[in-house]
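Below you'll find the structure, written out as structure tokens, and then a few comments.
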Amino acid sequence: MARKGGLGKGLDALIPGSDFDSQPTGGETRQGMLQIPVDKIQSNPRQPRSHFDSAELAELAASIKEHGIIQPLLVTQNGDQDYILVAGERRLLAARQAGLLSVPAIVRDASQQELVELALVENVQRADLSPLETAEAYRQLADEFNLPHEQIAARVGKSRVSVTNTLRLLKLPPSIQQALASDEISEGHARALLSLANPQAQTAALQIILKNNLTVRQTEELVRKLSGEKPPARPTRPIPPELHAIAERLRRGLSTKVSLTHGRSGGTIVIHYYSDEELDALVERLLPE
């Protein structure tokens, strides 16, 4: 299959632009769609998503039973009769739950790398992946297929800094990863804990967070104290609302923590980074050639 350079722009690049409201009745249809028996479709072995909410699946199954599958699945051939799912895992599971014997699908050639990329793009676009599932998918692309962070970012429509920060979550101790996976802490808490020097300090901080139900901001303050970092000096006068808005724009635009202090005759902006790659990315963004 020819490489699609814009996977981050969506699965529409791989699915013909047509009206999917009409359901195929059997055999091959226009735009290359097939009606494929569900027992001939294997799940994507590279699917990054490991958890599917049972209530959401039941809701989707009820909708499919009533209206059919509006958007076809994307599959690749696996031998003469069988297929491997590329994108549409939730639709396939719900179709089986609804008792469908076959589903509409579009057949495309796909390499092992593309099985990861396409499943990842679909889930990222629907915000279906947890932070750790996203990180693991990025890891596969980086380690198994030697893709640098810039190329991963381009494929999923994210910034390079965002990809790097998400990958760093895999460096956390198992106890913190479990707390993140079970929603005991948020991704913001987890990223703050990454600033601590070692797993022992990170795990100890986690217990304090859980015991005291700390917010992300309180966690950042805790991490500063545990790191021996002095708290930032209080501004000599309140920061005007418009400067708060500027600081928030900087945080969103740079995808990293930004601290802004304001004094009588100016102030300071502190941009935080957590790896050499993040520093390189910030330099490229702030000082484009």
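Brief remarks follow.
- As computed over the range 241-286, the Cα convex hull volume per residue (Å³): 73 Å³
- Distance between the C-alpha centres of the range 136-168 and the range 265-289: 20 Å, rounded to the whole angstrom.
- Once the chain from residue 178 to residue 70 is taken as fully extended at 0.36 nm per residue, the excess over their C-alpha distance is 35.3 nm.
Just so you know, all these numbers are worked out from the coordinates, no wet-lab data involved. These numbers were taken from a predicted model, which means no experiment stands behind them.
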